[in-house]
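> Structure provided below as structure tokens; questions to follow.
The values are calculated or read from the model by the stated rules, or taken from the named source; none is laboratory data. What you see is a predicted model; the values in this text were computed from it and never measured. So basically every Cβ, Gly included, is an ideal-geometry build from the backbone, and we count neighbours across all protein chains shown.
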């Protein structure tokens, strides 16, 4: 049912501004679309303070991939253009002053603005992190995927999307 709601046509730019303004009336915060491990509220809260979960959202015409090399020699989540696909995630409202701190955790990614669709607010302008470098040819660690799956479950993303996340090949971190 949630998936059908999000299949509606995008809103106009004027409506996007209206919805965004409604959520950020003080101009001291911005919307963040988390699609990787930051979907898990405790993970994001451990990184930056004063985040507010707005709810689930979907990013159309993109695909979730694991092609960003991490400093731990594993792959990290990323999005790439893919017209028939969509990426599910979580919208957070983040204080403007917290972005540099989050940027430090998200090293190597570029911060970009995108249009996402929320069942509660419709189309919204949100910030996300995207990698544009060369693809790495290694899978993500199992613990990293566990964080992503936990975030998807915590936020009640569609079961089919959670199954997709669980199907991604991982490597086990040897201690």
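> Do the conditions hold for residue 68, that is, is it over 16 Å from residue 39 (Cα atoms) and in contact with a strand residue (DSSP E or B) (Cβ under 7 Å, 6 or more places away or on another chain)?
On the way: over 16 Å from residue 39 (Cα atoms): yes; in contact with a strand residue (DSSP E or B) (Cβ under 7 Å, 6 or more places away or on another chain): yes.
Yes, satisfied.
> For the range 155-175, name all the residues that are surrounded by 16 or more Cβ atoms within 10 Å (Cβ to Cβ), part of a loop (DSSP other than H, G, I, E, B) and touching a residue at least 40 places away in the same chain (Cβ under 8 Å). So that I can check it myself, show each step before the final result.
Within the range 155-175, the subset surrounded by 16 or more Cβ atoms within 10 Å (Cβ to Cβ) is 155, 157-158, 161-162, 165, 168, 170.
Retained after the next criterion (residues that are part of a loop (DSSP other than H, G, I, E, B)): 155, 157-158, 168, 170.
Across the range 155-175, the qualifying residues are 155, 157, 158, 168.
> I'd like the full set of residues that are modelled with pLDDT under 95 and either under 22 Å from residue 146 (Cα atoms) or touching a strand residue (DSSP E or B) at 6+ places or on another chain (Cβ under 7 Å) (or both), limited to the range 83-93.
83, the sole residue that qualifies.
> Still on this structure: Out of the residues in the range 124-154 that are assigned to a strand (DSSP E or B) and crowded, with 22+ Cβ neighbours inside 10 Å, which is farthest from the chain's Cα centre (by Cα)?
124
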